[in-house]
Structure formats: structure tokens, C-alpha cells
Amino acid sequence: MNNEMMYEQLGVSRAVYEYGEAVLRDLRPRFEEIDAVAEHNQGKVLLAMQKNRVNATHFAATTGYGYDDEGRDNLERVYADVFHTEAALVRPQITCGTHALTVALSANLLPGDELLSPVGAPYDTLEEVIGIRESKCSLKEYGVTYAQADLRPDGTFDYEAIRAKINDRTKLITIQRSKGYATRPSFSVAQIGELITFCKGVKPDVKCMVDNCYGEFVEVLEPSDLGADMVVGSLIKNPGGGLAPIGGYICGTKECVERCAYRLSAPGLGQEVGANLGLMPSFYQGLFLSPTVVSGALKGAIFAANVYEKLGFACVPGGLEDRHDIIQAVTLGSAEAMVAFCKGIQSAAPVDSYVTPEPWAMPGYDSEVIMAAGAFIQGSSIELSADGPIREPYAVYFQGGLTWYHAKLGILMSLEKLVEAGIVKL
Ligand SMILES: *Cc1c(COP(=O)(O)O)cnc(C)c1O
């Protein structure tokens, strides 16, 4: 049986399959570039594992306090070497990306200090962490103020505005690498490096933290290679490689990371406590697989952009643009199209493929939201997923795919559903 027949069994019509193959023919050179980055990053991870002599004893489970947890401590050395930092905190006790960012911020900001975002508004969930939206236990409640310099209309840094916002209280600068669910562009590591250099030029002792979510292993450099004092992210996104069932990381200077450990556990205890609960095999192996998994997700994002751009839908980033994260926004223009797209993604999943996604009133959103995800790890967005609020401009955000082939099937099925609904004609 050939591939076309296999796709037919999976629900992809001949017309959609052939359309996809035609789009793919032009993408081969791009895919080769992505493979080269993955190859480099695989080497980086292997070097770090070899240098730290990873062996079977590091996979042992610990419970209770977790004193002398050599597997956990060595994993942190491996992460520090991968990100070229002095230290790392990599823990299942960090519950998600927002938690990792909260630990990094609240550990390194004291009452009277100011936090500055030079890249406009931060990710939604950080609004309550910072106190932009009132919340119990926000940084604002603890006397930490917040300043923001917006991007210029073309999405570039407004250096004059940033200079004007840096004052004697500015302690920490937070830079979000991925656009997340905003419409601004994501930043390259080189751009972030330039921004860090500028900020440290204005105030040499200011600390720079990068929200690295969705950006890990997309390029051969990480922001920590270009001056970031901390890089922070979630293990159920890129660096967990789809295997980590929970967790977050903070890599950075010894000074910053030590404070994070004291904040996460307790002053005096720091990194000494925190049992690994048997998760070390998935953390090590997930990191090992991550460069390849990220390359598959990137291919999926580029394929989606090219499939939908050629059909007249606006895509961010565009089909030909460079990638700095794994997120692909596709503006579909109507609620029906969003539902059809998500149905296709869902029906291509290995888990919950028989479920039909429906828009629902998710708490905290002012419009209904639709989500498609059939993941092994609940909520994991390094696995193939798509979501978006049902409102103008009716855009879905598409990301992940543990393998390129699965991402490809998901995109073909999304197109299939749009064709079946009569929204797209091939
Ligand atoms: C996902 C994400 C977060 C928050 O991570 P959660 O794990 O959802 O809490 C923060 N910033 C960015 C840019 C993200 O993509």
C-alpha cells in the first residue's frame, strides 16, 4: 500500500493529499535547514549528557525530602551545560511555565524594585503575577512596580522609550521571546541579544530574564548565549520533548538561580530538597528527544503557513518568514472555519480522535474559545494542538506535533474538514 492509500484510510481525500504534496515540494530546502539546526542542537544535548556522565543511577526515583538526589542534581548540570549557564533549576515541583516565571520574578525582585518589559504587554497569565490585573499575592502587592515600553508599530524595539523607562529602581527586565497569543512578531535570539546589550549599556547591573517558552531549540543559540541572566520555560513545551509529564526550568547565573531555589522551596533549603518522584527518565529522555521533536513541530508550522497562505488566509509568521518559535497563527475569518479546522486537528490525534471539539465559555475569556488537542500529556502544547478565541479576526493558533508526520496529517485533516464544509475549494 502506498502513502496515498494510507492517508485515504486516515480520512484525507486524494485532492487534499495532492494539494499538500505540491506545497511540500517547495519546502524541501527549508526542511533541510531545520534538520541542520536540529542536528546541531542534538549534538549540544549529547555533549552535555556525556560531559556529566549520565548513567542508569541518575534515573532512580527519590521520595520524601529528596536529599542527595544525584539524578536531579545531575539533570540540572546537564541543563546548565545545554543553555551555557552557571546553574539551573529543573523541577517537577515547578508546575507550569507561569509558575517558573513567577518563581524567577519573585525571587529576584524585592519591595521597591521595578520590573520592566521592553517588548510590550507580557503573556496573559503574567498580568496577574505582575499585578497589571489585580490579584492576591501579585508582585504589586509586595511593593514591586511595573513599567512597560511598547513595541513600535512595525514590531521593532523602541529603544528611546526603553531608555526613558530604565531608572534607578529598575532591577529586572523581562523579555518574551515568543509572541504567544499576540499578533506581534516573535523575536530572534540575535534580536534579544541586541536588546539585552542595549539595556545593560544603559544600566550595567540590571538583570535580564527571557521567557523562553516555545523558543527552545528553534535556533542554534539560546538567549543565555547572548547575555540573558535567566532563561525560563515549561517542560510540557519544547524542552520536555513530549515525555516530561510536568515541570519547568530556570537556567541562569548562580546568583539568580540560587535565589529562585530559595523562593521555590524555602530560604536555607534551596536546591537541596525536592524529590524527583520517578520522573528522571522522562526528563532526561525528553531533553534528548527535544531537538528532533522541535524540528518536527517547526516543519508542521511552516507547512501550515504555506498550505493556508496559498489558499488566501493570512498567516503569522508568513510562509516564507524565518521562525523564532513553534507557533503558527492562521486567520480563518469565520467561526465555522475555526471549528472545521479544529475538528480536523482533533480527528488526526492519537488520543481522543473520536471527540468533536466545540466552542465553550472558558473562564477568564470574554468570548468563547475552541481547542483541539489529543495529547498523551494533558495540556501539553508540544503535542499537536490548536486553539483560539471565537472572535474577530477568527484566528487559530496551531502548534506542536511530536513527529512531523503527525503534524502533516493534522494539517491535511484540517484542510479536509474545511473542504467538506464548503469553506475551501481546491
Ligand atoms: C505557555 C507560555 C507561558 C505560560 O506557560 P503555562 O505553562 O501555560 O503556564 C508563558 N509565556 C509564554 C510565551 C508561553 O507561551
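Any residue in segment 322-344 that is in a loop (DSSP other than H, G, I, E, B), charged (D, E, K, R), under 29 Å from Glu219 (Cβ atoms) and out of contact with any helix residue (DSSP H, G or I) (no Cβ under 8 Å at 6 or more places or on another chain)?
Going through segment 322-344, the residues in a loop (DSSP other than H, G, I, E, B) turn out to be 322-327, 332-334.
With charged (D, E, K, R) added as a condition, the list becomes 322-323, 325.
Add one more test, that the residue is under 29 Å from Glu219 (Cβ atoms), and what stays is 322-323, 325.
From what's left, out of contact with any helix residue (DSSP H, G or I) (no Cβ under 8 Å at 6 or more places or on another chain): 322, 325.
Yes - at least one qualifying residue is present in segment 322-344.
Checking each residue in segment 230-246 for being over 21 Å from His324 (Cβ atoms) and either of a type in the set (A, V, I, L, M, F, W, C) or near the ligand (Cβ under 10 Å from one of its atoms) (or both) picks out Leu243, Ala244, Ile246. Scanning segment 110-121 for residues that are surrounded by fewer than 24 Cβ atoms within 10 Å (Cβ to Cβ), modelled with pLDDT of 95 or more and within 17 Å of Cys208 (Cα to Cα) yields Leu110, Asp113, Glu114, Ser117, Gly120. When you check Gly227 against the structure, is it crowded, with 24+ Cβ neighbours inside 10 Å and away from the ligand (no atom under 16 Å from the Cβ), yes or no? Taking the combined requirement at face value, the residue does not satisfy it. Annotation note: of Gly319, Gly278, the sole residue that is part of a loop (DSSP other than H, G, I, E, B) and on the phi > 0 side of the Ramachandran plot is Gly278. Looking only at residues of segment 76-115 that are in contact with a Ser or Thr (Cβ under 7 Å, 6 or more places away or on another chain) and of a type in the set (Ser, Thr, Tyr), we find that the one that is nearest to the ligand (Cβ to nearest atom) is Thr98. Using beta carbons and a limit of 9 Å, which pairs, at least six apart or on different chains, have the first residue in segment 21-50 and more than 26 Å from Ile411 (Cα to Cα) and the second one among the aromatic types (Phe, Trp, Tyr) and part of a helix (DSSP H, G or I)? As it stands, the answer is Gln42/Phe288; Val45/Phe288; Leu46/Phe288; Ala48/Tyr79; Met49/Tyr284; Met49/Phe288, since those pairs meet every condition given.
Check whether at least one residue in segment 130-147 is buried (at least 17 other Cβ atoms within 10 Å of the Cβ) and within 15 Å of the ligand (Cβ to nearest atom), and report yes or no. Walk me through it before giving the result.
Within segment 130-147, the subset buried (at least 17 other Cβ atoms within 10 Å of the Cβ) is 130-132, 138-140, 144-147.
When the remaining residues are screened for being within 15 Å of the ligand (Cβ to nearest atom), the result is 130, 132.
The answer is yes, given that some residue of segment 130-147 is buried (at least 17 other Cβ atoms within 10 Å of the Cβ) and within 15 Å of the ligand (Cβ to nearest atom).
Residues in segment 359-375: is at least one under 14 Å from Val330 (Cβ atoms), buried (at least 23 other Cβ atoms within 10 Å of the Cβ) and within 15 Å of the ligand (Cβ to nearest atom)? The answer is no, given that none of the residues of segment 359-375 is under 14 Å from Val330 (Cβ atoms), buried (at least 23 other Cβ atoms within 10 Å of the Cβ) and within 15 Å of the ligand (Cβ to nearest atom).
Of the strands (runs of 3 or more DSSP E) lying entirely inside segment 167-254, those carrying at least 3 residues that are under 30 Å from Pro350 (Cβ atoms) are 230-234. Gly64 satisfies every condition listed in (1) buried (at least 19 other Cβ atoms within 10 Å of the Cβ); (2) away from the ligand (no atom under 16 Å from the Cβ) except (1). Taking first residues from segment 114-134 that are of a type in the set (Phe, Trp, Tyr) and partners that are outside any strand (DSSP E or B), the Cβ contacts under 9 Å between residues at least 6 apart in sequence or on separate chains come to Tyr123/Gly97; Tyr123/Thr98; Tyr123/Leu101; Tyr123/Ser178; Tyr123/Gly180; Tyr123/Tyr181; Tyr123/Ala182; Tyr123/Cys213. Only one of the numbered conditions (1) within 16 Å of the ligand (Cβ to nearest atom); (2) assigned to a strand (DSSP E or B); (3) of a type outside the set (Asp, Glu); (4) crowded, with 23+ Cβ neighbours inside 10 Å is not met by Gly286, and that is (2).
Only one of the numbered conditions (1) within 18 Å of Ser295 (Cβ to Cβ); (2) touching a Gly at 6+ places or on another chain (Cβ under 9 Å) is not met by Glu39, and that is (2). Going through (1) over 20 Å from Ile236 (Cα atoms); (2) at pLDDT 95 or above; (3) among the charged types (D, E, K, R) one by one, Glu4 falls short only on (2).
From the list Asp325, Asp366, Asp387, pick out the single residue that is within 24 Å of Asn306 (Cβ to Cβ), of a type outside the set (S, T, N, Q) and at pLDDT below 95. Even if it seems obvious, please write down each step before you answer.
Numbers: Asp325 fails: at pLDDT below 95; Asp366 fails: within 24 Å of Asn306 (Cβ to Cβ).
After ruling out the rest, the residue left standing is Asp387.
The values are calculated or read from the model by the stated rules, or taken from the named source; none is laboratory data. The model shown is predicted, which means the values in this text are computed figures rather than measured ones. FYI the Cβ positions are ideal-geometry reconstructions off the backbone, even for glycines, and counts take in every protein chain you see.
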